[in-house]
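Report on the following structure.
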Amino acid sequence: MAASAVCDQCGQACVKGDITTGYGIDEDGNRFCFRCCGVQDRESMVETGRAVLYLAKRNLSDGELAHGLMFSVGPGLGRRIGTHEVTNWPGSLRFRTWGPTKGSHNIAGSRYDVWFIGPDAEAWWGVQYGDWTQICHCKRLKSNGDAAQDVKRWARRVGLLTDRLQSKVAARVRA
Ligand SMILES: [Zn+2]
């Protein structure tokens, strides 16, 4: 195999990692660098309102840890700073989540629900079934529903949803 591939989208060399090829392949055999994978995944989320992402624990910064300690005085509030995130496969697209909250599932045994602000500045919900996977099935929530409003309130409080982000998304839609 060649040492590095060239991205079919942007023409840059794909940077090979220790355990990764440095590119993703679509069904036609085109190769895309991780940056372009992120752009495509973002566009696809905005377009379809759905995504298959991976749920993982984040590495928290010192500031966030301090913030979390402050928050953790109330029951369940610690998780609301976004201790977890959902990402695309190369990790070039990331969204901090509210949750996961653990529930039970009749086949998988357990389920983990998360909520986050997607690339469209809208509220999204994701669910992972069972403990032996990180795959998280994500869906955009109805914009004016109660769940979406709750998620947006949380996101505003922790600084994930800002006026700047909303006007940036609005500008992209107009363009
Ligand atoms: Zn590229």
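Rule-based calculations on the coordinates, nothing more; no lab input. Bear in mind the structure is a predicted one, so any value in this text is a computation, not a measurement. FYI the Cβ positions are ideal-geometry reconstructions off the backbone, even for glycines, and counts take in every protein chain you see.
Per-residue packing, averaged as other Cβ atoms within 10 Å, sorts the ranges 91-100, 18-27 into the order 91-100, 18-27, beginning with the highest. For the cross-link pairs LYS16/LYS152; LYS57/LYS152; LYS102/LYS139; LYS102/LYS152, the ones whose C-alpha atoms lie over 26 Å apart are LYS16/LYS152. A cut-off under 15 angstrom between Cβ atoms defines the neighbours of ALA13, and their net charge, with Lys, Arg +1 and Asp, Glu -1, is +2. Computed extension length for ALA170-LYS139: 9.2 nm, one decimal, from 0.36 nm per residue of separation with the Cα-Cα distance subtracted.
Normalising by residue count, the chain has a Cα convex hull of 165 Å³ per residue. Near ASP131: Cβ cut-off under 13 Å, other residues only, Lys/Arg at +1 and Asp/Glu at -1. The net charge is +2.
Bridgeable aspartates and glutamates around LYS142 (alpha carbons under 13 Å apart, same-chain partners fewer than 8 residues away excluded): ASP120, GLU122, ASP150. Put simply, when 130-140, 101-111 are sorted by average Cβ atoms within 10 angstrom per residue, most first, you get 130-140, 101-111. Two tests apply to each whole DSSP H helix in the chain, Cα reach of 15 Å or more along its axis and mean Kyte-Doolittle hydropathy of at least -0.5, and the ones passing both are 34-48.
Protection proxy ranking for 116-128, 144-156, using the average of other Cβ atoms within 10 Å per residue and placing the highest first: 116-128, 144-156.
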